[in-house]
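A.B. asks: This is the structure I have questions about; it appears just below.
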Amino acid sequence: MRLSIPSVLCILLGVNSLPSMPKNLPTLSYSGSVRVDYNYFKGFFLEASDEADNTLGLNRVRLSIASDFTPDWSAKLKFDVHDGLEIKDAYIKYDAWDWANIIVGKQKEPFGLEKLMSSKNLSFIERSMTSGAIAPGRSYGINITGKQDTINWQLGYFQDDNSQKSNAVTGRLTWAPWYENKNFVHLGTAFSQRSLHDEAFRINETLEVNSADSLIEGTKIEADSLSQSGIEFMWQYNGLVNIAEWQQTNVTARDGSEYQYDGGYYQMSYLFSGKNRKYKNGILGSVNTQNDWEVSLRYSQLKLHEENSQANVLSLGINFLLNEDLKFMANYSNADYMDEGTDLGSGDAISLRVLYRF
């Protein structure tokens, strides 16, 4: 769904006029972020060029509006502004039960630790190619979430917002077996069973550089069903975070043939202040710090088995967190790719980002 820029301005004007509204009306708050990116990459990251390229520009403007109607009912609207308006999240939440709550509308499906993290809180500029290619994203549906001590669970029914046919049941279970103030371990698993009803499916992913071409291209499949699974591990201690995930997709085509895609990543990051990131409901969040440095390392891999293709990316990152609102990020990546059994070599890329939150 896309709306015009004037519509966005009307929404913002309405939000800014809230202080004059009666206090007995539902509470309403808004926030957002702006990202400016620079990427320099070798011709290896492009489909039809051997020359290095670079890009500089506004990557995203994101706005979010949240409202608490009553102690039990709330809603959220999140959208990107770029050549109009694209709705990202649009849901209502019922939270009156002790054992669970219900979210109805467009939202992230409960799959993957990295995928569920807000992009504002990532240690790298881009998510791993595994999370991008395999983990489902945002869909319309109903999601029930619950918590019991250190166990969190989610189960939902979803329909892809780009399709009138596909539907899915997606669930996630996490457990924090060791949980202290500055030292805890997270374990998780997730699944998604999707009926595609002959919808087209294809892996089409970049090598973790957002303005480069999508080089990891699988077979275009008229798919009948798709089964996804994933496992998660995280250990956080005094600013040191270790994360590992493995995800797999099995696709059954209309003619009965099967395709398998899998991959994973290991990531380590360290905040010089020694502060830990927030952790809630099985999701890693932000960190309350300022004038702080963060260094990170990630190795990721994605395999397309039937196509005999494989990609590997090694990334190094350094971030400066001026405060909770302003972050400067720099990444160096070295990627190599094998397509249909042919080694296409490797290439380097440098990515920079300025992220401002309000």
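A.B. asks: Going through the stretch 24-50 one residue at a time, which ones are closer than 20 Å to SER333 by Cα and outside any strand (DSSP E or B)?
C.D. replies: Step one: filter the stretch 24-50 for residues closer than 20 Å to SER333 by Cα, giving 35-47, 49-50.
Scanning the stretch 24-50 gives LYS42, GLY43, PHE44, PHE45, LEU46, GLU47, SER49, ASP50.
A.B. asks: Take the stretch 27-52 and flag every residue that is touching a helix residue (DSSP H, G or I) at 6+ places or on another chain (Cβ under 8 Å) and surrounded by fewer than 13 Cβ atoms within 10 Å (Cβ to Cβ). Working first, answer last.
C.D. replies: At the first step, the residues of the stretch 27-52 found to be touching a helix residue (DSSP H, G or I) at 6+ places or on another chain (Cβ under 8 Å) are 28, 30, 33, 49-52.
Across the stretch 27-52, the qualifying residues are SER49, ASP50, GLU51.
A.B. asks: Of all the strands (runs of 3 or more DSSP E) wholly in the stretch 288-358, which have at least 2 residues that are among the basic types (Lys, Arg) and over 23 Å from GLY263 (Cα atoms)?
C.D. replies: On the way: elements: 292-304, 309-321, 326-339, 342-357.
Counting at least 2 such residues, we get 342-357.
A.B. asks: Turning to a different aspect of this structure: Have a look at ASN242, ASN250, ASN204 and point out the one that is of a type in the set (S, T, N, Q), surrounded by fewer than 17 Cβ atoms within 10 Å (Cβ to Cβ) and within 30 Å of ASN288 (Cα to Cα).
C.D. replies: Result: ASN242 is the single residue among ASN242, ASN250, ASN204 that is of a type in the set (S, T, N, Q), surrounded by fewer than 17 Cβ atoms within 10 Å (Cβ to Cβ) and within 30 Å of ASN288 (Cα to Cα).
A.B. asks: Right, here's the next one. Within the bounds of the stretch 282-289, is there any residue that is free of Cβ contacts under 8 Å to residues at least 24 places away in the same chain, open to solvent by 40 Å² or more (accessible area, probe 1.4 Å) and under 30 Å from LEU196 (Cβ atoms)?
C.D. replies: Scanning the stretch 282-289 turns up no residue that is free of Cβ contacts under 8 Å to residues at least 24 places away in the same chain, open to solvent by 40 Å² or more (accessible area, probe 1.4 Å) and under 30 Å from LEU196 (Cβ atoms).
To keep it simple, each residue is scored yes or no on (1) farther than 14 Å from GLN301 by Cα; (2) among the β-branched types (Val, Ile, Thr); (3) touching a Pro at 6+ places or on another chain (Cβ under 7 Å); (4) touching a residue at least 60 places away in the same chain (Cβ under 8 Å).
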{"site": "ILE231", "(1), (2), (3), (4)": "yes, yes, no, no"}
{"site": "GLY239", "(1), (2), (3), (4)": "yes, no, no, no"}
{"site": "ILE243", "(1), (2), (3), (4)": "yes, yes, no, yes"}
{"site": "GLN247", "(1), (2), (3), (4)": "no, no, no, yes"}
{"site": "ARG254", "(1), (2), (3), (4)": "yes, no, no, no"}
{"site": "SER257", "(1), (2), (3), (4)": "yes, no, no, no"}
{"site": "TYR261", "(1), (2), (3), (4)": "no, no, no, yes"}
{"site": "TYR265", "(1), (2), (3), (4)": "no, no, no, yes"}
{"site": "MET268", "(1), (2), (3), (4)": "yes, no, no, no"}
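A.B. asks: Would you say SER64 is at pLDDT 95 or above, more than 15 Å from SER211 (Cα to Cα) and surrounded by fewer than 16 Cβ atoms within 10 Å (Cβ to Cβ)?
C.D. replies: yes
A.B. asks: For GLU294, state whether it is open to solvent by less than 70 Å² (accessible area, probe 1.4 Å), closer than 30 Å to GLY218 by Cβ and among the acidic types (Asp, Glu).
C.D. replies: Values: open to solvent by less than 70 Å² (accessible area, probe 1.4 Å): yes; closer than 30 Å to GLY218 by Cβ: no; among the acidic types (Asp, Glu): yes.
No; evaluated as a whole, the condition is false for this residue.
A.B. asks: Right, next: Taking the stretch 194-244 as the region of interest, how many residues are more than 23 Å from TYR337 (Cα to Cα) and acidic (Asp, Glu)?
C.D. replies: Looking only at that region, the number is 5.
A.B. asks: Quick one: what pairs do we get from the stretch 49-62, first residue in contact (Cβ under 8 Å) with a residue 40 or more places away in the chain, second open to solvent by 40 Å² or more (accessible area, probe 1.4 Å), C-beta under 6 Å, 6+ apart or different chains?
C.D. replies: THR55/SER211
Every residue, every condition in (1) closer than 19 Å to GLU232 by Cβ; (2) open to solvent by less than 50 Å² (accessible area, probe 1.4 Å); (3) part of a strand (DSSP E or B); (4) among the hydrophobic types (A, V, I, L, M, F, W, C), yes or no:
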position: PHE79; (1), (2), (3), (4): no, yes, yes, yes
position: ASP83; (1), (2), (3), (4): no, no, no, no
position: LYS88; (1), (2), (3), (4): no, yes, yes, no
position: GLY105; (1), (2), (3), (4): no, yes, yes, no
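A.B. asks: Between a residue in the stretch 214-226 that is within 20 Å of LYS165 (Cα to Cα) and any residue that is modelled with pLDDT of 95 or more and of a type in the set (Val, Ile, Thr), which pairs come within a Cβ distance under 6 Å, given they are 6 or more apart or on different chains?
C.D. replies: So the pair list comes out as ILE221/VAL251; ALA223/VAL251; ASP224/THR252; SER225/THR252; LEU226/VAL251.
A.B. asks: Also, quick follow-up: Inspect all residues belonging to the stretch 279-301 and state whether any of them is basic (Lys, Arg) and modelled with pLDDT under 95.
C.D. replies: Applying the first criterion (basic (Lys, Arg)) to the stretch 279-301 yields 280, 298.
Those left that are additionally modelled with pLDDT under 95: 280.
Yes: the stretch 279-301 contains one or more residues that are basic (Lys, Arg) and modelled with pLDDT under 95.
A.B. asks: Something else: ALA223 - would you say it is of a type in the set (A, V, I, L, M, F, W, C), farther than 30 Å from SER351 by Cβ, open to solvent by 50 Å² or more (accessible area, probe 1.4 Å) and not in a loop (DSSP other than H, G, I, E, B)?
C.D. replies: Considered against the rule, which asks whether it is of a type in the set (A, V, I, L, M, F, W, C), farther than 30 Å from SER351 by Cβ, open to solvent by 50 Å² or more (accessible area, probe 1.4 Å) and not in a loop (DSSP other than H, G, I, E, B), ALA223 comes out as no.
Quick grid of which residues meet (1) in a strand (DSSP E or B); (2) touching a Phe, Trp or Tyr at 6+ places or on another chain (Cβ under 8 Å); (3) modelled with pLDDT of 95 or more; (4) acidic (Asp, Glu):
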| residue | (1), (2), (3), (4) |
| --- | --- |
| TYR91 | yes, no, yes, no |
| TRP97 | no, no, no, no |
| LYS115 | no, no, yes, no |
| SER123 | no, no, yes, no |
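A.B. asks: Filter the stretch 253-267 down to residues that are open to solvent by 50 Å² or more (accessible area, probe 1.4 Å), of a type in the set (Asp, Glu) and modelled with pLDDT of 95 or more, then give me how many there are.
C.D. replies: Of the residues in that region, 1 qualify.
The values are calculated or read from the model by the stated rules, or taken from the named source; none is laboratory data. Keep in mind it's a predicted model, so treat the numbers as computed, not measured. Cβ: placed from backbone, ideal geometry, glycine included. Neighbour counts: every protein chain shown. Side chains included, ligands, DNA and RNA excluded: accessible areas come from the protein's heavy atoms. Shrake-Rupley method; radii C 1.70, N 1.55, O 1.52, S 1.80 Å.
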